[in-house]
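Chemist: Below is one structure. I have some questions about it.
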Amino acid sequence: MNQINLQVNGETRSCESQMLLPELLQNLGFNPRLVAVEYNGEILHRQFWTETKVKEGDLLEVVTIVGGG
């Protein structure tokens, strides 16, 4: 099992190499349906999540979407 390090919301986290983004989000305790993701400085549209594999040194900002008024 090959481990990599990446930054999630400013914290160093480790995970398996080649992990898909939705799997990583779930492993970190996020509900993938309720978050927006900035991936290496760019907003990553949800349609690309299932083809995005995290890599060593990636920078992710995960923002929980809150409903209401």
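Chemist: Looking only at residues that are surrounded by 12 or more Cβ atoms within 10 Å (Cβ to Cβ) and polar (S, T, N, Q) in the range 8-23, which one is farthest from the chain's Cα centre (by Cα)?
Modeler: Among them, the one singled out is S17.
Chemist: What's the number of the only condition in (1) exposed (fewer than 13 other Cβ atoms within 10 Å of the Cβ); (2) under 24 Å from N2 (Cα atoms) that Q47 fails to meet?
Modeler: Unmet for Q47, out of (1) exposed (fewer than 13 other Cβ atoms within 10 Å of the Cβ); (2) under 24 Å from N2 (Cα atoms): (2).
Chemist: On the given criteria, is N5 out of contact with any Ser or Thr (no Cβ under 8 Å at 6 or more places or on another chain), of a type outside the set (V, I, T) and either surrounded by 10 or more Cβ atoms within 10 Å (Cβ to Cβ) or free of Cβ contacts under 8 Å to residues at least 40 places away in the same chain (or both)?
Modeler: Taking the combined requirement at face value, the residue does not satisfy it.
Chemist: Collect the residues in the range 8-30 that are touching a residue at least 24 places away in the same chain (Cβ under 8 Å) and polar (S, T, N, Q), keeping them in residue-number order.
Modeler: The answer is N9, S17, Q18.
Chemist: Something else: Are there any pairs with C-beta distances below 9 angstrom linking a residue in the range 50-69 that is without any contact (Cβ under 8 Å) to a residue 60 or more places away in the chain and surrounded by 13 or more Cβ atoms within 10 Å (Cβ to Cβ) to a residue that is aromatic (F, W, Y) and part of a loop (DSSP other than H, G, I, E, B), with the two at least 6 apart or on different chains, and if so which?
Modeler: These pairs meet every condition: V62/F30.
Chemist: A follow-up question, please. Pull up the range 24-41, narrow it to residues that are at pLDDT 95 or above and either in contact with a helix residue (DSSP H, G or I) (Cβ under 6 Å, 6 or more places away or on another chain) or farther than 21 Å from I4 by Cα (or both), then point me to the one that is surrounded by the fewest Cβ atoms within 10 Å (Cβ to Cβ).
Modeler: Only one residue fits best here, namely A36.
The values are calculated or read from the model by the stated rules, or taken from the named source; none is laboratory data. These numbers were taken from a predicted model, which means no experiment stands behind them. Cβ coordinates were reconstructed from backbone atoms using ideal geometry, including for glycine residues, and neighbour counts include every protein chain displayed.
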